[in-house]
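Have a look at the structure below, then the notes.
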Amino acid sequence: MSTFKTRYGAFSRDGAEYVITSPRTPRPWINVISNGDYGFTVSQAGGGYSWRAHAQLNRLTRWEQDMIRDAWGKFIYLSDERGRLWSAGWKPVCAEPDRYRCRHGIGYSVIESTNYGVETELLVFVPEGAPLEVWRLRVRNVARARKTLNLCSYVEWGLGQAPDWHREFHRSFIETTFDPRTGVLYAAKRLWEVPTERGHWNTEWPYTAFHSSSLPPVSFDADRESFLGMYGSVERPAGVSMKRLKGRSGNWLDPCAALHHRMTLRPGEEKEIVYTLGCADSRNQAAELAAAYTATGAAERALGAVTAAWRTRLDPVSVKTPDASMDLMENIWLKYQAISGRMWGRTAYYQTGGAFGFRDQLQDSLLWLPIDPGQTKQQILLHARHQFADGSVYHWWHPLSEVGLRNKISDNLLWLPFVLHAYLQETADFAILDAREPFVDDPAGATLYDHCVRAIDRALGRFSERGLPLIGEGDWNDGLSAVGLDMKGESVWLGHFIHRVLLDFAPLSARRGDAERAGRYDTRAATLREKLNTLGWDGRYYFGATKDSGEKIGSSTNPEGKVWLNPQTWAIIAGVAGGERAEAVFDVVENELEVEIGPLLLHPAYATPDRFIGYLTRYSPGMRENGGVYTHGATWAVVAATILGRGTSAHRMYSRLNPVNRGKDPDRYCAEPYVTAGNIEGPESPFFGRGGWTWYSGSAAWLFRAGLEYILGVRPSIPGLIVDPCIPGGWEGFTVRRTFRGAAYSIEVRNPSRVECGVREFTVDGERRSPGEGARGALIPAFPPGGEHTVVVTLGRK
């Protein structure tokens, strides 16, 4: 049984697989599979690439971004006695299969097809804790006659920087070798494109690549020229029609890895071959890994360990609501996308990435909090080590090389105290404040508390004369890249964000006995709130920013980009707007920004580039930040709606962003229906409703948080768990199971009065309690680790 079926596929009954029934999806629909070190992408057609640690600096296999052809990958060719040729993963031969199915699962993908009387099942995954991938190919003869098949694997080595734009240069440093005793192909490179103390292009690639199989190969090749044939193609390589491959290896070649096997099958007989592809620390380790994972039963055991590991990551929090599409995303796919794709892989088809974004992976790590908060802690400490002593931070940095970009984007540094505050609500681990971490430019470092206050104090030192924060080279919206180049332009959204950080951090300072700072932060917050509500007010809503010239943008006085989303939603989230003003600005969001695909980032789109705003205005109207739904920012509208008690609005916006729902019209949406898109094109695009930039998007962690902590209302606080739902009035209730500080909580929410918010009463382990005076939600105490507790919350008027 499947759910949410379309012409291209459906979710499996348990939701843990998306089953694609045609290789011709509207765009490549991929899986990003990673164990935190090694990873690969694979599309429904069999395209994709592999890497270790960094998908750009340490790409193992060659790949070029081409969303139309999806022509690059790691392939297995099959041919029969009659010379009929096909691929285990459809690409690159693209033979028309009698049957085809691709199952993208959690930590693995499977491509099944039937061609010319032969069934194949190709399983691909990355084992836990090992720098390699495993391909298990099962081949079954479903014809009436005996068949002899030739199988050829094919990989093009990259071994370093991607894209491989100067192939003739880089191939000059690659050496391939074949071990006839073990049948393993190895590749090494004498150059790596990372700077060293002895200059650029002057260090070895410190790994050994390898490709192996469980069956002894009949022949091999490590030269593209002889395998493809001069002027040949991957669609029909010369090598697959040969009785034996050429067996070339060494230097001076255009390197690849191809292993040739011959297989004879009786009618009904099935055989299996296991391949490995990996990136080891040494030749010895490569040999050990190749042998270990091609041994009998090794693939099944390794896959079992992968499945078990993902269960430990997914199971600590689960929900059951009247909305099955929400359950799918909250229970499985948002967590998987954020962990495997965004935090571990940091790459996907739309953006190959590989770097850490200071603000990006910090926000993503919020998803770990109800699952494994120690992971969030490690992310916080990692980012603290990429801060400078003056409080500024890298916008992004590359692991492996540690090369980073230091710019004047104004919000990056503030996400450190923001995420730290969230971590403390989950864990009450105040000892983390005393953890010492170095600065980029000062190895002596300081406590994490000092790291945070340096960030806050630096932000407080960058204000205009009239009292609003300077936008610099952009606030959260990088596309506002020219608004404040002369350090005069202001950001209203940044003001809201700083206000939230000050309100959150002042109590932490007071708790540490830093009373002067706590008082100063409270005073600055009050002053900033007054400035935002006067200088930042546009008459009906908050405008967006001022240019260096003083001209307002995101204002009703502008012909384009009249109203922006983030200044409205964050006025509510940050506590800047209250009462009638908060209601009024959210009315603007609902009436002027929300469309059928969710709330637009701004409206109307910029039709004319403005060199004093930045590259945002150079996008085609309706694309990405220029009048599209930018999903990351749109999730904050869901949060703001719940703060105002608008449960129907919050769920409606969540549902419009939910890829399961967008994917019900797959030829319009185009993008994968199981992971969030970074953007959905807006009404000024002729492709209104088309999704893009999937997987590598900060929207996954935030949509998860908006659903769990704000719509369902189960969120942490230092005293305990708060249960403060804000749901559609038509819901009868829902359940949430999650761990909190080592104890398990089973929470049932009942809604007999069909209200949208407000807790009437609740019980904890059978003991009846009532919310405090003026409280909208229930506070569940933090219990000691190890126990299980039952909570029943009844909504209604007190």
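The values are calculated or read from the model by the stated rules, or taken from the named source; none is laboratory data. On a predicted model such as this, the values are computed, not experimentally measured, just so you know. Here the Cβ positions follow ideal geometry from the backbone for every residue, glycine too, while neighbour counts run over all protein chains shown. Ligands, DNA and RNA are excluded from the accessible area calculation, which covers all protein heavy atoms including side chains. Shrake-Rupley method; radii C 1.70, N 1.55, O 1.52, S 1.80 Å.
Based on what the data block shows, is VAL139 open to solvent by less than 10 Å² (accessible area, probe 1.4 Å), in contact with a Cys (Cβ under 9 Å, 6 or more places away or on another chain), outside any loop (DSSP other than H, G, I, E, B) and of a type in the set (Val, Ile, Thr)? Judged against the criteria, VAL139 is not a match. For the stretch 252-269, the set of residues classified as at pLDDT 95 or above and either assigned to a loop (DSSP other than H, G, I, E, B) or at positive phi (or both) consists of LEU253, ASP254, ARG266, PRO267, GLY268, GLU269, listed by residue number. Close contacts from the stretch 744-773, counting a first residue that is on the phi > 0 side of the Ramachandran plot and a second that is open to solvent by 20 Å² or more (accessible area, probe 1.4 Å) and among the hydroxyl-bearing types (Ser, Thr, Tyr), with Cβ to Cβ under 8 Å and a gap of 6+ residues or different chains, come to ASP765/THR790; GLY766/THR790. Cβ-Cβ contacts under 7 Å between residues 6 or more apart (or on different chains), taken from a first residue in the stretch 433-457 that is of a type in the set (S, T, N, Q) and modelled with pLDDT of 95 or more to a second residue that is open to solvent by less than 10 Å² (accessible area, probe 1.4 Å) and in a helix (DSSP H, G or I), are listed as THR447/LEU433.
Of the set (1) under 25 Å from the mean Cα position of the chain (by Cα); (2) open to solvent by 10 Å² or more (accessible area, probe 1.4 Å); (3) at negative phi; (4) in contact (Cβ under 8 Å) with a residue 24 or more places away in the chain, all apply to ALA607 but (1). The lone criterion from (1) surrounded by 20 or more Cβ atoms within 10 Å (Cβ to Cβ); (2) among the charged types (D, E, K, R); (3) touching a Pro at 6+ places or on another chain (Cβ under 8 Å); (4) within 22 Å of ALA280 (Cβ to Cβ) left unmet by LYS74 is number (3). Which members of the stretch 32-73 meet the condition of being under 17 Å from the mean Cα position of the chain (by Cα) and among the hydrophobic types (A, V, I, L, M, F, W, C)? Matches in the stretch 32-73: VAL32, ILE33, PHE40, VAL42, TRP51, ALA53, ALA55. Scanning the stretch 162-177 for residues that are under 12 Å from CYS256 (Cα atoms) and either more than 33 Å from the chain's Cα centre (by Cα) or free of Cβ contacts under 8 Å to residues at least 40 places away in the same chain (or both) yields GLU175, THR176, THR177. Within the stretch 90-136, if we keep just the residues that are small (Gly, Ala, Ser) and open to solvent by 10 Å² or more (accessible area, probe 1.4 Å), the residue that is farthest from HIS54 (Cα to Cα) turns out to be GLY117.
Only one of the numbered conditions (1) in a loop (DSSP other than H, G, I, E, B); (2) open to solvent by 20 Å² or more (accessible area, probe 1.4 Å) is violated by VAL483, and that is (2).
Taking the stretch 172-200 as the range and being closer than 23 Å to SER214 by Cα, charged (D, E, K, R) and surrounded by 12 or more Cβ atoms within 10 Å (Cβ to Cβ) as the test, only ASP179 passes.
Among the residues of the stretch 161-212, those that are of a type in the set (Asp, Glu), within 19 Å of CYS279 (Cβ to Cβ) and modelled with pLDDT of 90 or more comprise GLU175, ASP179, GLU204. Here TRP415, TRP397 are screened, and the one residue that is out of contact with any helix residue (DSSP H, G or I) (no Cβ under 7 Å at 6 or more places or on another chain) and open to solvent by less than 20 Å² (accessible area, probe 1.4 Å) is TRP397.
Does GLY627 meet the test of being within 30 Å of ARG797 (Cβ to Cβ) and touching a residue at least 24 places away in the same chain (Cβ under 8 Å)? Taking the combined requirement at face value, the residue does not satisfy it.
So which of ARG466, ARG517 ends up being part of a loop (DSSP other than H, G, I, E, B) and open to solvent by 10 Å² or more (accessible area, probe 1.4 Å)?
Result of the check over ARG466, ARG517: ARG466.
Sort through GLY374, GLY357, GLY353 and tell me the only one that's over 13 Å from the mean Cα position of the chain (by Cα) and among the small types (Gly, Ala, Ser). Result of the check over GLY374, GLY357, GLY353: GLY374.
One residue stands out among those in the stretch 530-567 that are of a type in the set (Lys, Arg) and farther than 18 Å from VAL588 by Cα: the one that is surrounded by the fewest Cβ atoms within 10 Å (Cβ to Cβ), which is LYS552.
Note on the stretch 740-760: among residues that are open to solvent by 50 Å² or more (accessible area, probe 1.4 Å) and in a strand (DSSP E or B), the one that is nearest to GLU330 (Cα to Cα) is GLU748.
To keep it simple, each residue is scored yes or no on (1) within 26 Å of LEU314 (Cα to Cα); (2) part of a strand (DSSP E or B); (3) not polar (S, T, N, Q).
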site	(1), (2), (3)
ALA10	yes, yes, yes
SER22	no, no, no
THR25	no, no, no
THR41	yes, yes, no
LEU57	no, no, yes
ASP70	no, no, yes
ILE76	no, yes, yes
CYS102	yes, yes, yes
VAL110	yes, yes, yes
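Of the set (1) within 30 Å of the chain's Cα centre (by Cα); (2) open to solvent by less than 60 Å² (accessible area, probe 1.4 Å); (3) closer than 24 Å to ILE471 by Cα; (4) not β-branched (Val, Ile, Thr), all apply to GLY598 but (3).
Across the stretch 574-587, the qualifying residues are those that are open to solvent by less than 10 Å² (accessible area, probe 1.4 Å) and in a helix (DSSP H, G or I), and the one among them that is nearest to GLY554 (Cα to Cα) is VAL585.
Looking across GLN379, GLN375, GLN361, one residue alone is open to solvent by 10 Å² or more (accessible area, probe 1.4 Å), assigned to a helix (DSSP H, G or I), free of Cβ contacts under 8 Å to residues at least 60 places away in the same chain and within 22 Å of ALA459 (Cα to Cα). It is GLN379.
Checking PHE227 against (1) among the aromatic types (Phe, Trp, Tyr); (2) over 30 Å from THR296 (Cβ atoms); (3) open to solvent by less than 30 Å² (accessible area, probe 1.4 Å), only one condition comes out false. Which one? Of everything listed in (1) among the aromatic types (Phe, Trp, Tyr); (2) over 30 Å from THR296 (Cβ atoms); (3) open to solvent by less than 30 Å² (accessible area, probe 1.4 Å), PHE227 misses just condition (2).
For ARG69, the test of being under 26 Å from TRP205 (Cβ atoms), touching a Gly at 6+ places or on another chain (Cβ under 9 Å) and either open to solvent by 20 Å² or more (accessible area, probe 1.4 Å) or not aromatic (Phe, Trp, Tyr) (or both) is failed.
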